[in-house]
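The values are calculated or read from the model by the stated rules, or taken from the named source; none is laboratory data. In this text, all values refer to a predicted model and were calculated from it rather than measured experimentally. Counting neighbours? That spans all protein chains shown, and the Cβs are built from the backbone with ideal geometry, glycine included.
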Amino acid sequence: MAAYPEESGVPCSAVSGGPLLGGIYLADTGHPEQARRLEAIVPPSLDATSSVVAGLRARLRLALGDPEGAQSGIEKIPPARLRGYEAPIALVESLTLLHDWEALRSFLPEVRRQVPHQALAGPAGDRAEGRMECALANTDVGEALLRRALDRYEQLGVPFEAAKTKEWLAEAVGGAEGRRLLEEALATVRGPRRPASRGSGPGLLAMTTQT
């Protein structure tokens, strides 16, 4: 990161978005202050020129427990450029966490169109739709979508996204399976050597921010 200021003018999003990716990892592993320091390295002005950078910043906002900030950042992206790899996934999660079901239902087709280009688009869309259906009392449909999302996240090896999905699935199924899912989710978030803190998560996982 010490060398980043020397490369900050490089237009490649793989360079400009690097600190944001690091911030997402730090937030997911219980280091929110370090994550915020990495976010501050990337000038907000880059968001206006790269939907990838804007999407990564929104994902970091989500990892830090700020869906309003994530949504606000994405709304500044021109609609024609919202089809980048990161922004649609961040927007669908922020709408889910904000329980804006009307907007989510309208945006889900765009997320589905990203599936051939972005591996996480499929499970992100399934998880969002599953959460919405559960909230609207269509529990069977919602549970099936959440299970499909969980299976895909686990196949892709994305443990923190799987943990968030387990929490929502646990709420839907309840009972012994629900308790098991919550325990597994919390174990992923905390890890064997991580501090008992986390910046994001829909419910129980967010409670681990209380140290």
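Screening residue 113 with (1) touching a Pro at 6+ places or on another chain (Cβ under 8 Å); (2) without any contact (Cβ under 8 Å) to a residue 40 or more places away in the chain gives one miss only, at (1).
Looking only at residues of the range 36-68 that are among the small types (Gly, Ala, Ser) and over 17 Å from residue 93 (Cβ atoms), we find that the one that is surrounded by the fewest Cβ atoms within 10 Å (Cβ to Cβ) is 45.
Tell me yes or no: at least one residue of the range 146-167 is at negative phi, modelled with pLDDT of 95 or more and β-branched (Val, Ile, Thr). There is at least one residue in the range 146-167 that is at negative phi, modelled with pLDDT of 95 or more and β-branched (Val, Ile, Thr).
Taking residue 152, is it assigned by TED's automatic domain parsing to the domain that holds residue 188 and buried (at least 19 other Cβ atoms within 10 Å of the Cβ)? In short, yes.
Does the range 84-101 include one or more residues that are within 22 Å of residue 28 (Cβ to Cβ), exposed (fewer than 15 other Cβ atoms within 10 Å of the Cβ) and at pLDDT 95 or above? Yes, the range 84-101 contains a residue that is within 22 Å of residue 28 (Cβ to Cβ), exposed (fewer than 15 other Cβ atoms within 10 Å of the Cβ) and at pLDDT 95 or above.
Close Cβ contacts (under 9 Å, 6 or more residues apart or on different chains) running from residues in the range 177-199 that are assigned to a helix (DSSP H, G or I) and among the small types (Gly, Ala, Ser) to residues that are at pLDDT below 50 and surrounded by 16 or more Cβ atoms within 10 Å (Cβ to Cβ) comprise 185/201; 185/204. For residue 43, the conditions (1) modelled with pLDDT of 90 or more; (2) on the phi < 0 side of the Ramachandran plot; (3) of a type outside the set (A, V, I, L, M, F, W, C) all hold with the exception of (1).
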